[in-house]
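Asker: Submitted below is the structure of interest, expressed as structure tokens.
The values are calculated or read from the model by the stated rules, or taken from the named source; none is laboratory data. Since this is a predicted model, take the numbers as computed values, not measurements. Neighbour counts are summed over all protein chains in view; Cβ atoms, including those assigned to glycine, are modelled from backbone coordinates with ideal geometry. Each accessible area value is taken on the protein alone, full model and side chains, heavy atoms only, with ligands, DNA and RNA left out. Shrake-Rupley method; radii C 1.70, N 1.55, O 1.52, S 1.80 Å.
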Amino acid sequence: MDFPTFLIQLLNSVQYGLLLFMLAAGLTLIFGIIGVVNLAHGSFYMLGAYLAYSLSSLLGSLAVAIACGAVLSVIFGLALEWLLFRHFYERDHLDQVLLTFGLIYIFEEMRSILWGDDVHSVPIPDVLAASIPLTDTLSYPVYRLVISGVCVALAIGLYLLISKTRLGMKIRAGAFNRDMTEALGVNIKLIHAIVFALGVALASVAGMIAAPVSSVYPNMGSQVLIMCFVVVVIGGIGSVRGALIAALLVGLVDTFGKVLLPHISGMLVYMLMAAVLLWKPQGLFKQ
Amino acid sequence: MTSRRLVLTQSAALIGATSTGLLLPAIARAQGNKVRVGLMLPYTGTYAQLGVAIENGFRMAIDEQGGKLGGREIEYFKVDDESDPSKAIENANKLVQRDKVDVLVGTVHSGVQMGIQKVARESGVLSLIPNAGVEAATRALCAPNVFRTSFTNSQPTLALGKVLMDRGHKKAVWITWKYAAGDEAFGGFKESYTKAGGTIVKELGLPFPNVEFQALLTEIAALKPDAVACFFAGGGAVKFMKDYAAAGLKGKIPLYGSGFLTEGVLDAAGPAADGIMTTLHYSDSLNTPRNHSFRLAYAKAFRSQPDVYAVQGYDTGLLLVHGANAVKGDLASKPAFYKAMETATIDSPRGKWTMSKAHNPVQDIYLRVVENRENKVLGVAAKALSDSGAGCKMV
């Protein structure tokens with residue numbers, strides 16, 4: 001592998017890893033702080049992609065569509081939390097798994113009713129539709145750089161929110177000791193609702209920014225969900241930093257595995273997970 | 001004097017009389033009852049539209065006969081197979097044992113087809129395959145009572161290799177999903193391309209239905225082959241074509257594929273698909289009177305445009321009609337019934353085709369190019385192409 005090829009594969013790995021991180025961060029936040037296992041997380045990714053499709057054709061701009069879509073997903077997340085999830089916080093994980101597994105089917109059916117079963121595509125905005133040529137055949141699409149940029153910005157924002165703000169402090173305190181935090185006068189129910197909506201919005205925004213390169217199609221959430229869980233397990237359940245490292249690791253292994261070891265590429269990510277769990281049964285960064 | 005000839009004539013007359021006497025009530029009984037037709041197709045899930053198109057096409061062919069099969073009324077029994085292989089045997093048995101169907105029409109998903117194949121082989125019920133391309137159904141596991149009206153997975157790509165060589169592409173990269181259909185499509189391409197003198201530089205694959213193609217496209221750009229050949233379908237196909245263009249490969253390294261790459265997804269793919277060449281046994285734009293009249297009638301009846309799946313459903317109906325007419329609706333006289341279907345020439349919107357000995361269509365494969373969200377036919381890539389039927393005991 002020559003240097004330009006290696007460089008592009010590295011960019012590919014990082015871009016894929018960052019997108020996985022966006023998804024896994026929400027999943028691990030919701031589990032780590034609220035304690036809910038959410039199998040329907042992939043559906044929020046799909047919802048985002050379909051929102052991007054509908055809103056961008058309605059509003060004529062992908063950026064505006066993403067902004068509106070993000071607000072809509074936060075509202076959707078809050079409503080879902082209030083209607084369903086808050087009644088399951090104290091329940092067994094098995095009940096939560098059953099609830100969210102059922103939700104996958106409901107969301108798929110709603111998607112089928114609202115948008116049909118066709119494959120759709122979202123055009124890349126004209127200013128970002130170019131590719132950066134490196135050699136005569138090798139080039140890197142600008143839009144993928146933008147995806148990476150947005151993911152990095154959101155990751156930094158998430159870090160600042162959780163570690164530097166007053167809200168973040170309450171979130172951390174609530175995750176650490178729920179009863180004590182509540183006794184100190186923090187509205188833990190509100191904190192949970194915010195965290196849940198944040199997780200939904202992260203997955204949905206990931207779906208929205210990925211829509212132009214991934215196209216929009218039925219069942220698209222179920223594929224990423226599995227990778228999400230792999231990332232969360234490798235990183236250590238509940239750790240956002242762990243999710244970031246694990247997502248980048250999975251991106252690297254998956255990308256270079258496809259090229260260098262094509263015949264076993266489908267297994268490599270799972271082999272990585274098995275190896276990490278043998279070494280650290282709790283994942284890399286279990287809090 | 002009793003000549004030998006007289007004895008022969010008399011005994012022939014005697015045999016004739018008895019056999020007619022035996023047969024008459026059977027026909028009368030058969031014609032009195034309705035033909036029970038089982039439709040086992042996907043009506044929900046990703047393949048729901050395919051199931052509907054196949055049923056529409058099938059009913060259209062029957063309706064052209066006044067809604068009858070060999071003069072007998074029809075009763076339909078429907079099962080949604082959900083494209084779920086784990087329920088395939090149970091679903092097929094529902095139709096065969098509970099509903100006692102005379103004919104089982106199905107299905108789309110190759111995994112489900114393997115379940116139907118098992119039930120068909122064990123029960124002996126007539127099974128017509130309107131889509132699933134799994135090779136085993138008309139190869140190692142072929143059966144006298146199983147007929148396919150669609151294709152084998154390797155049939156379109158069996159025509160593709162020569163096309164690439166004819167167009168001067170000596171080195172090619174193959175890329176697909178690593179699962180049965182992808183592997184079988186590769187088999188066809190490999191056979192025809194290497195036979196024509198081409199070299200497959202590298203075989204790339206990713207697990208079904210993974211759509212993270214970027215790493216493999218970078219690999220293709222680094223390898224710089226003369227052309228790329230592929231097998232993808234549905235949502236993954238759209239993403240592949242768009243990623244191919246976004247990676248800057250479109251216009252530099254020509255992209256070819258099994259025709260399913262560009263079926264039903266051209267609106268979603270948009271300009272990224274322009275110029276892609278594929279091989280398939282049908283194209284919407286096939287410029288024949290037969291195809292025009294079919295498309296017009298279908299559009300009138302169902303208020304939608306027919307696709308390759310509707311044509312396959314229609315041909316399944318035509319085949320059944322042909323067989324049933326030959327035995328005047330007496331589907332129980334299987335040897336004559338099956339013989340008629342084996343020797344039938346189906347006048348299809350895709351062009352005339354016949355049955356191979358292994359019960360798979362011997363058909364023309366067209367070369368198509370995508371222009372402005374349409375598959376334009378460039379010509380015939382392979383005339384009367386047959387599947388090898390390797391391992392089938394009937395061949």
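Asker: Mind checking which residues of the stretch A:106-142 are in a helix (DSSP H, G or I), open to solvent by 50 Å² or more (accessible area, probe 1.4 Å) and of a type outside the set (A, V, I, L, M)?
Answerer: A:E109, A:W115, A:D126
Asker: Among the residues that make up the stretch A:173-180, is at least one of them modelled with pLDDT under 90 and charged (D, E, K, R)?
Answerer: Taking every residue of the stretch A:173-180 in turn, at least one turns out to be modelled with pLDDT under 90 and charged (D, E, K, R).
Asker: For B:T218, work out the one condition from (1) in contact with a Phe, Trp or Tyr (Cβ under 8 Å, 6 or more places away or on another chain); (2) buried (at least 24 other Cβ atoms within 10 Å of the Cβ); (3) under 26 Å from A:S265 (Cβ atoms); (4) of a type in the set (V, I, T) it doesn't fulfil.
Answerer: Tallying (1) in contact with a Phe, Trp or Tyr (Cβ under 8 Å, 6 or more places away or on another chain); (2) buried (at least 24 other Cβ atoms within 10 Å of the Cβ); (3) under 26 Å from A:S265 (Cβ atoms); (4) of a type in the set (V, I, T), B:T218 fails exactly one: (1).
Asker: I'd like the residue in the stretch B:342-395 that is hydroxyl-bearing (S, T, Y) and surrounded by 14 or more Cβ atoms within 10 Å (Cβ to Cβ) and, out of all such residues, is farthest from B:A137 (Cα to Cα). So that I can check it myself, show each step before the final result.
Answerer: Narrowing the stretch B:342-395 to residues hydroxyl-bearing (S, T, Y): B:343, B:345, B:348, B:354, B:356, B:366, B:386, B:388.
Checking the rest, the ones that are also surrounded by 14 or more Cβ atoms within 10 Å (Cβ to Cβ) come to B:348, B:354, B:356, B:366, B:386, B:388.
Working: B:S348: 22, B:T354: 17, B:S356: 13, B:Y366: 24, B:S386: 15, B:S388: 12 Å.
Out of the qualifying residues, it is B:Y366.
Asker: Do any helices (runs of 4 or more DSSP H) entirely within the stretch A:180-279 hold 2 or more residues that are under 17 Å from the mean Cα position of the chain (by Cα) and among the hydroxyl-bearing types (S, T, Y), and if so, which? Step through it out loud before you land on a result.
Answerer: Numbers: elements: A:188-214, A:220-235, A:240-260, A:265-279.
Answer list for the stretch A:180-279: A:188-214.
Asker: Moving on. Considering every residue within the stretch A:262-283, establish whether at least one is crowded, with 24+ Cβ neighbours inside 10 Å and of a type in the set (A, V, I, L, M, F, W, C).
Answerer: No, every residue in the stretch A:262-283 fails to be crowded, with 24+ Cβ neighbours inside 10 Å and of a type in the set (A, V, I, L, M, F, W, C).
Asker: Does the stretch A:143-154 contain any residue that is within 14 Å of chain B (Cβ to nearest Cβ) and part of a strand (DSSP E or B)? Give the steps one after another, and end with the answer.
Answerer: So the first thing to find is which residues in the stretch A:143-154 are within 14 Å of chain B (Cβ to nearest Cβ), and the list is A:143-148.
Imposing the further condition that a residue be part of a strand (DSSP E or B) reduces the set to none.
Checked the stretch A:143-154: no residue is within 14 Å of chain B (Cβ to nearest Cβ) and part of a strand (DSSP E or B).
Asker: Does B:N210 fit the bill of being in contact (Cβ under 8 Å) with a residue 12 or more places away in the chain, facing chain A (nearest Cβ under 10 Å) and at negative phi? Please lay out each step first, then the result.
Answerer: Values: in contact (Cβ under 8 Å) with a residue 12 or more places away in the chain: yes; facing chain A (nearest Cβ under 10 Å): yes; at negative phi: yes.
Yes: the conditions hold for B:N210.
Asker: Yes or no: B:Y309 away from chain A (no Cβ under 14 Å) and either over 30 Å from A:S131 (Cα atoms) or crowded, with 22+ Cβ neighbours inside 10 Å (or both)?
Answerer: Working: away from chain A (no Cβ under 14 Å): no; either over 30 Å from A:S131 (Cα atoms) or crowded, with 22+ Cβ neighbours inside 10 Å (or both): yes.
Answer is no for this residue.
Asker: Taking the conditions exactly as written (touching a Leu at 6+ places or on another chain (Cβ under 6 Å), more than 8 Å from every other protein chain (Cβ to nearest Cβ) and either part of a helix (DSSP H, G or I) or open to solvent by 10 Å² or more (accessible area, probe 1.4 Å) (or both)), does B:G197 satisfy them or not? Steps first, please.
Answerer: Values: touching a Leu at 6+ places or on another chain (Cβ under 6 Å): no; more than 8 Å from every other protein chain (Cβ to nearest Cβ): yes; either part of a helix (DSSP H, G or I) or open to solvent by 10 Å² or more (accessible area, probe 1.4 Å) (or both): yes.
When the stated conditions are applied, B:G197 does not pass them.
Asker: Right, A:Y159: touching a residue at least 12 places away in the same chain (Cβ under 8 Å), within 21 Å of the chain's Cα centre (by Cα) and either surrounded by fewer than 16 Cβ atoms within 10 Å (Cβ to Cβ) or within 13 Å of another protein chain (Cβ to nearest Cβ) (or both) or not?
Answerer: Details: touching a residue at least 12 places away in the same chain (Cβ under 8 Å): yes; within 21 Å of the chain's Cα centre (by Cα): yes; either surrounded by fewer than 16 Cβ atoms within 10 Å (Cβ to Cβ) or within 13 Å of another protein chain (Cβ to nearest Cβ) (or both): yes.
Criteria met by A:Y159.
Asker: Of these, A:M1, A:M22, which one is in contact (Cβ under 8 Å) with a residue 40 or more places away in the chain, touching a helix residue (DSSP H, G or I) at 6+ places or on another chain (Cβ under 9 Å) and more than 30 Å from A:P123 (Cα to Cα)?
Answerer: On the way: A:M22 fails: more than 30 Å from A:P123 (Cα to Cα).
Going through A:M1, A:M22 in turn, just one is in contact (Cβ under 8 Å) with a residue 40 or more places away in the chain, touching a helix residue (DSSP H, G or I) at 6+ places or on another chain (Cβ under 9 Å) and more than 30 Å from A:P123 (Cα to Cα): A:M1.
Asker: From the list A:L98, A:L83, A:L94, A:L103, which one is away from chain B (no Cβ under 12 Å) and open to solvent by less than 60 Å² (accessible area, probe 1.4 Å)?
Answerer: Details: A:L98 fails: open to solvent by less than 60 Å² (accessible area, probe 1.4 Å); A:L83 fails: open to solvent by less than 60 Å² (accessible area, probe 1.4 Å); A:L94 fails: open to solvent by less than 60 Å² (accessible area, probe 1.4 Å).
So the residue among A:L98, A:L83, A:L94, A:L103 that is away from chain B (no Cβ under 12 Å) and open to solvent by less than 60 Å² (accessible area, probe 1.4 Å) is A:L103.
Asker: Taking the options B:A185, B:A137, name whichever one is assigned to a helix (DSSP H, G or I) and either at pLDDT below 95 or farther than 30 Å from B:K339 by Cβ (or both).
Answerer: Details: B:A137 fails: either at pLDDT below 95 or farther than 30 Å from B:K339 by Cβ (or both).
Just a single option satisfies the conditions, and that option is B:A185.
Asker: Hey, can you tell me all the residues within the stretch B:236-267 that are open to solvent by less than 10 Å² (accessible area, probe 1.4 Å) and either among the acidic types (D, E) or assigned to a helix (DSSP H, G or I) (or both)?
Answerer: Hits for the stretch B:236-267 are B:G236, B:A237, B:V238, B:K239, B:F240, B:M241, B:D243, B:Y244, B:G259, B:L261, B:T262.
Asker: Does the stretch A:250-268 include one or more residues that are over 30 Å from A:W115 (Cα atoms) and away from chain B (no Cβ under 14 Å)?
Answerer: Step one: of the stretch A:250-268, the residues over 30 Å from A:W115 (Cα atoms) are A:250-268.
Okay, now just the ones that are also away from chain B (no Cβ under 14 Å), so none.
No, the stretch A:250-268 contains no residue that is over 30 Å from A:W115 (Cα atoms) and away from chain B (no Cβ under 14 Å).
Asker: Look at B:R98 and say whether it is modelled with pLDDT under 90, charged (D, E, K, R) and surrounded by fewer than 21 Cβ atoms within 10 Å (Cβ to Cβ). I'd like the intermediate steps shown before the answer.
Answerer: On the way: modelled with pLDDT under 90: no; charged (D, E, K, R): yes; surrounded by fewer than 21 Cβ atoms within 10 Å (Cβ to Cβ): yes.
Criteria not met by B:R98.
Asker: Determine, yes or no, whether A:G32 is open to solvent by less than 30 Å² (accessible area, probe 1.4 Å), small (G, A, S) and under 25 Å from A:A247 (Cβ atoms).
Answerer: Criteria not met by A:G32.
Asker: Which condition number in (1) within 18 Å of A:I8 (Cα to Cα); (2) touching a strand residue (DSSP E or B) at 6+ places or on another chain (Cβ under 8 Å); (3) more than 8 Å from chain A (Cβ to nearest Cβ) is the one that B:A227 fails?
Answerer: Looking at each condition in turn, B:A227 falls short on (1).
Asker: Right, here's the next one. Does any residue of the stretch A:189-198 turn out to be open to solvent by 60 Å² or more (accessible area, probe 1.4 Å) and more than 21 Å from A:F76 (Cβ to Cβ)?
Answerer: No - not one qualifying residue is present in the stretch A:189-198.
Asker: Within the stretch B:140-176, which residues are within 14 Å of another protein chain (Cβ to nearest Cβ) and open to solvent by less than 10 Å² (accessible area, probe 1.4 Å)? Give the steps one after another, and end with the answer.
Answerer: We begin by selecting, within the stretch B:140-176, every residue within 14 Å of another protein chain (Cβ to nearest Cβ); these are B:171, B:173-176.
Selection gives B:V173, B:W174, B:I175, B:T176.
Asker: Being out of contact with any helix residue (DSSP H, G or I) (no Cβ under 6 Å at 6 or more places or on another chain) and closer than 14 Å to B:Y314 by Cβ narrows it down to one residue among B:E82, B:E75, B:E64; which is it?
Answerer: Working: B:E82 fails: closer than 14 Å to B:Y314 by Cβ; B:E75 fails: closer than 14 Å to B:Y314 by Cβ.
Going through B:E82, B:E75, B:E64 in turn, just one is out of contact with any helix residue (DSSP H, G or I) (no Cβ under 6 Å at 6 or more places or on another chain) and closer than 14 Å to B:Y314 by Cβ: B:E64.
Asker: Still on this structure, please answer the following. Criterion first (among the aliphatic types (A, V, I, L, M), free of Cβ contacts under 8 Å to residues at least 40 places away in the same chain, crowded, with 17+ Cβ neighbours inside 10 Å and part of a helix (DSSP H, G or I)) does A:A173 satisfy it?
Answerer: Numbers: among the aliphatic types (A, V, I, L, M): yes; free of Cβ contacts under 8 Å to residues at least 40 places away in the same chain: yes; crowded, with 17+ Cβ neighbours inside 10 Å: yes; part of a helix (DSSP H, G or I): yes.
Here the answer is yes, as A:A173 does meet what is asked.
Asker: From the list A:L202, A:L252, A:L268, A:L198, which one is under 19 Å from B:A215 (Cβ atoms) and in contact (Cβ under 8 Å) with a residue 24 or more places away in the chain? Before the answer, list the steps.
Answerer: Values: A:L202 fails: under 19 Å from B:A215 (Cβ atoms); A:L268 fails: in contact (Cβ under 8 Å) with a residue 24 or more places away in the chain; A:L198 fails: under 19 Å from B:A215 (Cβ atoms).
That would be A:L252, the only listed residue that is under 19 Å from B:A215 (Cβ atoms) and in contact (Cβ under 8 Å) with a residue 24 or more places away in the chain.
Asker: Within the stretch B:159-166, can one find any residue that is more than 27 Å from A:I264 (Cα to Cα), at pLDDT 95 or above and outside any helix (DSSP H, G or I)?
Answerer: Checked the stretch B:159-166: at least one residue is more than 27 Å from A:I264 (Cα to Cα), at pLDDT 95 or above and outside any helix (DSSP H, G or I).
Asker: Restricting to the stretch A:215-242, and then to whatever is open to solvent by 10 Å² or more (accessible area, probe 1.4 Å) and within 18 Å of A:H120 (Cβ to Cβ), can you tell me which residue is nearest to the other protein chains (Cβ to nearest Cβ)?
Answerer: Among them, the one singled out is A:Y217.
Asker: Of (1) at pLDDT 95 or above; (2) in contact with a His (Cβ under 8 Å, 6 or more places away or on another chain), B:S83 satisfies all except one. Which?
Answerer: (1)
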